Structure formats: C-alpha cells, structure tokens
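The values are calculated or read from the model by the stated rules, or taken from the named source; none is laboratory data. Everything numeric here is computed off the predicted structure, so don't read it as measured data. For neighbour counting, all protein chains shown are included, and Cβ atoms are generated from backbone atoms with ideal geometry for every residue, glycine included.
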Amino acid sequence: MTSSEMTPVELFLLGRTLMKIGEESLPEPAAGVDAHRTGTRASLVVLSDLLGHPDTSVSAIARRTGLPQSQVSGAVARLKEAGSVETAPDPADGRRQLIRRAPEISERVSEVRLSRIDDALGRALGTDDAERLREVADALDVLARYLTPEAVGRLRP
C-alpha cells in the first residue's frame, strides 16, 4: 500500500472544499422549493446512503450517516417533494416508513445531472486557465472513479 503525505486534516479540508464547489455548482431549485444549502447537503448525503441501502428507514440512515434524525427526516421530505425518493410502510412494522429512490428520474434529478462544475471550479481556483482547469478536472475524474458513494459504506460497519 502506498502512503500519501497528506494528513487526515488536510484530506478533511480538501473534502470540505470539494463539497462547497459541488454545492455552488448545483442549479438553484425551482421557485417555492426549499433552497437552503444545508438542506441540499443533507439531501445529497441521504441520497448517497440510499444508493447502498435501498428500502431503509430514517433512523437507519441517521445511524449510518451521523446526521441527526430530524435532518434526515427533513431531507427525506424534500427529496420526496422533488420526486427523487418514495416511501412505503414497512411490512414488518407498519408504524415505520421505508425509503427508496424513486423508479422514475425526477425533473430536478435530470437538471442536477446536466449541471457542470466548470464555473465554480474556476472561481475556487481563482483562474480561468483552461490547462489548469483541465488538470484539476482530470484529477477529480480519477477520484470519482475510485471513491464512489459506496466506498463510504466500507469505512463504517
């Protein structure tokens, strides 16, 4: 195994910077939809968790992600309103709802998938130099290929 000279703190700060670039790259939701950025962050964390854990509960998502249960509930409500997830009663416990990704791709998901990071990345780097932007974008493509949302599940029991 190779060793990086990056420290855990540097990696954490890089992750935070990348998260902020991602948030800035997201298109604004339609008028009338809750556009609070922390809601966006929680919604993305919840969606990421659902990739590896379909038919799951709010409490299970909260346990796996470390988000407060109230934040997960709010994110699920926003995602349901946007058509990104659906809920159904748990056959084993009718009081609990199971959450899964919606079978159809919502308009919002399509809009987000079509958005690009170029402008926010350029602002974060403080340059519009095409070569530098391409170099960083290529590095991000490599990271995205190996550090998928499913990789997070391998870090937690």
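Do you know which residues across region 43-72 are small (G, A, S), surrounded by 15 or more Cβ atoms within 10 Å (Cβ to Cβ) and more than 23 Å from P27 (Cα to Cα)? G52, S57, A60, A62 - these are the residues of region 43-72 that are small (G, A, S), surrounded by 15 or more Cβ atoms within 10 Å (Cβ to Cβ) and more than 23 Å from P27 (Cα to Cα). Remark: pairs (first residue in region 3-28, closer than 20 Å to D119 by Cβ; second residue assigned to a helix (DSSP H, G or I) and modelled with pLDDT under 90; Cβ separation under 7 Å; 6+ apart in sequence or on different chains) = E23/R37; E23/T40; E23/R41; L26/T40; L26/V112; P27/E111; P27/V112. Within the bounds of region 34-46, is there any residue that is modelled with pLDDT of 90 or more, out of contact with any Gly (no Cβ under 6 Å at 6 or more places or on another chain) and polar (S, T, N, Q)? Within region 34-46, none of the residues are modelled with pLDDT of 90 or more, out of contact with any Gly (no Cβ under 6 Å at 6 or more places or on another chain) and polar (S, T, N, Q).
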